[in-house]
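Note sheet for the following structure.
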Amino acid sequence: MASRLALGVALAAFALFVAPVGTPAATPPQQLPAATPPLDLHGAVAYALDHDPTVLNRRATLAMDESTYAHDHAAEFPSLAGQLQNQILKTNGNTAGAFSEFGLAQAQVFSQNVAQIESTWNLYTGSLSQIQAQQAKRQVEGARDDLKRAEQQLASDVAAAWYNVVQQRESVRLAGGDRTYQQQLLDAARAQERVGRAAGVDVLRAQVNELRSEATLTTDNANEANAREALAQRIGAPPDTPFALPAALPEPPLPEVPLDALVAAALGARTDVASARAQVAVARLADSAIDSDRRPQIQLTGAFGNAEIPTTLSTGPTVIPGFGVIPGSSVTRPGFWQIGATSTWTVPFIEYGARRAAHRSARAQLDAAEATLSSTEGQVAVDVRQALRGVQTAHANLATQREADRLGAESARIAQLQYANGLISLTDATAAEQSALSAANDLVVARVNYLNALVHLRTAVGVADPLTVVEPGVP
């Protein structure tokens, strides 16, 4: 008995010894991360703008071009800089100095400290700086155009993916309604069979239709899940990101702005038009810069500061080497200022046709840039016209599909009642339901097409803000 008690005590001690190794005695509960709030359409676009690789690359390119433009544009203005200079010189000659007749060499020591502020301004430098700055500015505008277009395209893609999720969700709702309808037809067929007003084959057909509707519902549920994951992947979010989908798709009214006003707004807001205009300005500047060497080039300079020369005495001609300045004397600290202007005017006499050829090439570039601008403006007008026509067509189709959906739903309801009372066959009732279901799906598609057409119109007009581009309530 004593041995068993000792063995039990030993096992208990061993268990207490090894327990902290495998499982800690006090493990703090792990706190789950806070639930991510569902993203609406604006939130999804904003999230995509901060995570899309294409947009981020465009922003990096724009930042680099802006840096280059700032550097080139600064060369057109006067410079202002401070300068600190120290100069030390020590010479030793065998024949120079007051003690040379005794064969002694006197070391010559010179030091000078200068502090000054200077400025230089090239009033005209042959337009080289101006052309470089204009070229850098054109690149900046082109980078902004690429960035805005990438943001608008991203907003359009996110809106299309968003409305696709809504459309798939509506398909699930309609499939669920169809399954309920088919189940009611199956119940009616069984009731008709019991009273002898319908053959047993109607029950089999009703069962087939009910199973088909159930399979369609399962497929639509999977399509909705795939659409949600595709939307999350498009914005760069995790696949299980929740979205705050609207209960019903909005139907904003048609835009009331006239076509001419929309075209004018697009010509003033589209960045591709601004880029084409900048190319025309650069081409004109390049043509005028060919004769820049015939004009005077003027450079203005100015500086002021203070120079300190410790080795030069203001009183007394003697400096004892090794001992410095004799007491009672002081070093000189003269202040100074200076201004200057340099003007250069060169007149070439013989050029062997080089200037004429340069003007011909520059004017050809100018004609090409003006043609590009005219073509861009024409394309913008066509884009706005087609986008507005697309909105009007989608709105008309929406009204038509809305009426078709109402009539189809009423037809399916009446057909169900007629079959339940033995007035029509199961085939007629099923056909009425399929027609109503098709009309309901077409109505959802028409609403999605109308909203996407509005997004395309805002993009064609040149709305810069991506969040405004996808605003569903703005006509």
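Bear in mind these aren't lab numbers, they're just calculated from the coordinates by the rules spelled out. Nothing here was measured: the structure is a model prediction, and the numbers come from that model. Positions of Cβ are backbone-derived with ideal geometry, glycine not excepted, and every protein chain shown enters the neighbour counts.
Need the full-extension length gain, Q183 to D291, defined as separation in residues times 0.36 nm minus the C-alpha distance. One decimal, nm.
Details: separation 108, 0.36 × 108 = 38.88 nm, distance 8.78 nm.
Full extension of this stretch gives 30.1 nm more.
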Item checked: Dipole of the stretch 205-318, positive end: most advanced residue of N209, G305, V257 [Cβ charges, Cα centre] -> G305
Checklist line | Linear extension gain, Q207 paired with L80, 0.36 nm per residue minus alpha-carbon span | finding: 36.7 nm
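Taking R0 as 60 Å, what FRET efficiency do you get between A191 and S375 from their Cβ-Cβ distance, rounded to the nearest 0.05?
For R0 = 60 Å, the calculated efficiency reads 0.25.
Assign one of three labels to the stretch 325-475, namely rounded, prolate or oblate, based on the Cα gyration tensor with a ≥ b ≥ c the square roots of its eigenvalues; rounded applies when a/c is under 1.5, prolate when it is not and a/b is larger than b/c, and oblate otherwise. Intermediate results must be reported in sequence, preceding the final value.
Numbers: a/c = 7.89, a/b = 2.65, b/c = 2.98.
Taking the square roots of the gyration eigenvalues as a ≥ b ≥ c, the stretch 325-475 is oblate.
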Next item on the list: Could I get the Rg over Rh figure for the stretch 153-255? Both from C-alpha atoms, Rh via Kirkwood, rounded to two places.
Entry: 1.21
Checklist line | Alpha carbon centroid spacing (whole Å) that separates the stretch 407-475 from the stretch 59-77 | finding: 52 Å
Checklist line | At R0 = 45 Å, FRET efficiency that the Cβ-Cβ distance of E256 and T301 yields, to 0.05 | finding: 0.15
